[in-house]
Ligand code: PLP
């Protein structure tokens, strides 16, 4: 059967394609005829070195990554990148400025469209960076419900954090940061920001939508992604960085020294083998890349298959993701009890679909909402879904409600099952 026993709608760690799990199981005790499990091999061994290079090459092929970009595997998840970005790019910009002035005066620009970009801002501030929030969607829209028009950025700066003299002095920010897909809030960019000139590198957190659609890597300075949503297991993060941005600070010119484990240049120079890498996570990631790249790889030992006969690659995944998200949003829009959280249709995520249940106003003669009862109905929704094998549908603990995550690994069949469940559940109210 191609059908998993359960459908996993969790936001992350998320579903791994079933053929990948089966293949890993088959190779678990004896990796590549070494007689050892991959976990037991030296990271300096030839088979691992081969895997390390192969995984990078696969990702390069999948995302069509130009040759002037390095691919590195790092540890510490997305949160570690919140800090790594600040250290590495301030060191680069200060160097580029010929170390004129204080690094603390160099602006770093952030677009905040949800919980994860907000957390990245917090970290940059902790490290003492001169953070300018050039767009704050929550303040502009009264919640993380979309993406304010690009023409309002910078000038909108509702927190008053933008130092206008920076613009007047024409001081280049070290980078412009944004999160391509806000996993908690379901806001996804349908475009790449272009508010600065090409001298300002764009840094993008693609943790929850990497490989879900093609991307023009050449527009970015740094792209990073924790693996545990659309790639593989937690423990590894992929960083794609333009070579000319690699600059290590040794603490000169008053700069913060970049901790070696956060240093892109050290990692790149050592081909992600500076220290012991999270080998097993990288191995599974490589199997996921193969699954995306190669239809033959989908034919696993016991005959289970996935998407067999369908096209492979990121473009095919994107088409499938469009169809899946389209079906789900349509079903939610057609029902009277569901409310999609992201109002800005163009910014609705194809990966994470947060929605609320609002059923009580229908019972009340004056249409009054009973928030507590609606929340109880949401809990009931999650419980009934679980009982039918539709797992992990509760929204993020910070926002509540329901969230269906439909990454690459979720099949169209899984979305159909969820849509049917949504419709059946709605009939009870
Ligand atoms: N960025 C995004 C978009 C995320 O979804 C997450 C986690 O869910 C993070 C960053 C933080 O990742 P980690 O938990 O690996 O530190």
Cut-off 19 Å (backbone N to label point 7 Å along Cα→Cβ of residue 396), residues of region 113-136: 113-126, 133-136
Spin-label model distance (nm) - residue 234 vs residue 280, 7 Å beyond Cα toward Cβ: 1.4 nm
Among 36, 391, 332, residue whose mean-square fluctuation peaks in a GNM of the chain (springs only between Cα atoms under 10 Å): 36
Cα gyration tensor shape for region 1-133, rounded if a/c is under 1.5, else prolate or oblate: prolate
Shape category assigned to region 314-427 from the gyration tensor of Cα positions, a/c cut at 1.5: prolate
Shape of the chain, Cα gyration tensor, a/c cut at 1.5: oblate
Theoretical FRET efficiency, 1/(1+(r/R0)^6), r = Cβ-Cβ of residue 122 and residue 260, R0 25 Å, to 0.05: 0.55
Estimated 222 nm signal from helices in the chain, with DSSP H stretches of n ≥ 4 weighted -39500 (n - 2.57), rounded to 500: -11000 deg cm²/dmol
Relative contact order, percent, region 46-128 [alpha-carbon distance under 8 Å, six or more residues apart]: 28 percent
Where only C-alpha atoms are counted, convex hull volume of region 1-73 per residue in Å³: 150 Å³
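Once Rh is set to the Kirkwood radius over Cα pairs, what Stokes-Einstein translational diffusion coefficient, in µm²/s, holds for region 38-287 at a temperature of 10 °C and a viscosity of 1.306 mPa s?
86 µm²/s
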Residues 189, 28, sorted so that the one with the fewest Cβ neighbours within 10 Å comes first: 28, 189
Residue 53 paired with residue 6, simple spin-label distance in nm, labels 7 Å along Cα-to-beta-carbon: 4.0 nm
Stretchable slack from residue 216 to residue 346, in nm (0.36 nm times residue separation minus alpha-carbon distance): 44.9 nm
GNM result for the chain, Cα springs below 10 Å: residue of 127, 328, 154 fluctuating most strongly: 127
FRET efficiency, 1/(1 + (r/R0)^6) with R0 60 Å, evaluated for residue 319 and residue 97 via beta carbons: 0.85
Beta bridge orientation in the chain: antiparallel %, DSSP, nearest 5: 55 percent
Pair residue 294, residue 139: separation of 7 Å Cα→Cβ label points (nm): 5.1 nm
Computed lengthening from residue 339 to residue 383, 0.36 nm per intervening residue step minus Cα-Cα distance: 13.9 nm
Among 233, 354, 214: highest mean-square fluctuation, GNM of the chain, C-alpha pairs under 10 Å: 214
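Read the figures in this text as sums done on the coordinates, not as results from a lab. Being a predicted model, the structure only gives us computed values, none of them experimental. In this analysis, Cβ positions are derived from the backbone assuming ideal geometry, glycine residues included, and neighbour counts consider all displayed protein chains.
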